[in-house]
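One structure is given below, encoded as structure tokens.
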Amino acid sequence: MGTALKDQGKFEEAIAFYNKALAIKPDYAAAYYNMGTILEVQNRMDEAIEAYNKALAIKLDYAEAHFHIGVVFQKQNRQEEAIEAYNKALAIKPDYAAACNNMGNAIKEQNRLEEAIALYQKAISIKPDYADAYYNMGNVLKDQGKVDKAIEAYNKCILLKPDHAEAYNNIGNI
């Protein structure tokens, strides 16, 4: 019920159902995780991290909880902590394409561009239709002045996601 309400955008009602589930089963990691995703959407970042950490206290190998902690840290411009969280997610789930992509973004913010490209390439090798990884790689290649390769990456992004306005925009800027 909590998930159905969450999908309808009825966040407070969903949280109430997650709390009911936790009252019945206090070690229900998924309820804490789902609550965290709602808190994250509501920009209640510290509460989201707390919910994800509660999920992790119950289920140590919860890759998605580590991933979302990384997302929250990135939103807070805490890149080093985000990278650490993504590494934890990848240690549990090595084929986690979104963690590779997001860690690439965090590493890009530290101006470690070659490492970022390697992570985008890894994300694409895991999930060949990952349009956003192509887009992010295009951004790094553009920053490096490798415009032909950047355009190639943006075009692959557009091929996979024809409505990716930012990719069209960046090609136009180049």
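Observations
- Selection among Gly172, Ile38, Met137 by position relative to the dipole of the range 15-174 gives Ile38 as farthest towards the positive end (Cβ unit charges, Cα centre).
- Pairwise FRET efficiency - Asp61 versus Leu22, Cβ, R0 = 22 Å, nearest 0.05: 0.65
- Nearest-ten-degree value, helix 45-58 long axis tilted from longest Cα axis of the chain: 70 degrees
- The chain: angle of helix 113-126 to the longest principal axis, Cα-based, in degrees nearest 10: 70 degrees
- Packing-based order for 52-63, 1-12, using average beta carbon neighbours within 10 Å, highest first: 52-63, 1-12
- Each Cα pair under 8 Å and six or more residues apart adds its separation to the average, and for the range 17-171 the resulting relative contact order is 12 percent.
- Over the range 38-174, equivalent-ellipsoid semi-axes from the Cα gyration tensor in Å: 29, 15, 14
- 0 to 90° range, to nearest 10: angle between helix 131-143 axis and the chain longest Cα axis: 50 degrees
- Around Leu141: net Lys/Arg minus Asp/Glu count, Cβ-Cβ under 12 Å: +1
- Full-stretch length increase - Ala91, Asn43 - with 0.36 nm per residue and alpha-carbon distance subtracted: 14.6 nm
- With both labels modelled 7 Å from their Cα along Cα-to-Cβ, the Asp163 to Lys149 distance reads 3.2 nm.
- Of Lys6/Lys149; Lys75/Lys127; Lys25/Lys75; Lys6/Lys156; Lys10/Lys108; Lys10/Lys93, pairs whose Cα-Cα distance is over 29 Å: Lys6/Lys149; Lys25/Lys75; Lys6/Lys156; Lys10/Lys108; Lys10/Lys93
- Per-peptide packing, taken as the mean over residues of other Cβ atoms within 10 Å, places 70-77, 136-143 in the sequence 136-143, 70-77 from highest down.
- Surface composition of the chain: carbon plus sulfur atoms hold 51% of the accessible area, using a 1.4 angstrom probe and ignoring ligands, DNA and RNA.
- Neighbours of Tyr32, meaning other residues whose beta-carbon lies under 12 angstrom from its beta-carbon, give a summed charge of -1 when Lys and Arg score +1 and Asp and Glu score -1.
- Sum of side-chain charges, Lys6 neighbourhood, beta-carbon under 12 Å (Lys, Arg +1; Asp, Glu -1): -3
The values are calculated or read from the model by the stated rules, or taken from the named source; none is laboratory data. Please read these numbers as outputs of a predicted model, since none were measured by experiment. Note that we place each Cβ from the backbone using ideal geometry, even for glycine, and neighbour counts take in every protein chain shown. Just so you know, the surface numbers come from the protein's heavy atoms only, side chains and all, with ligands and any DNA or RNA stripped out. Shrake-Rupley method; radii C 1.70, N 1.55, O 1.52, S 1.80 Å.
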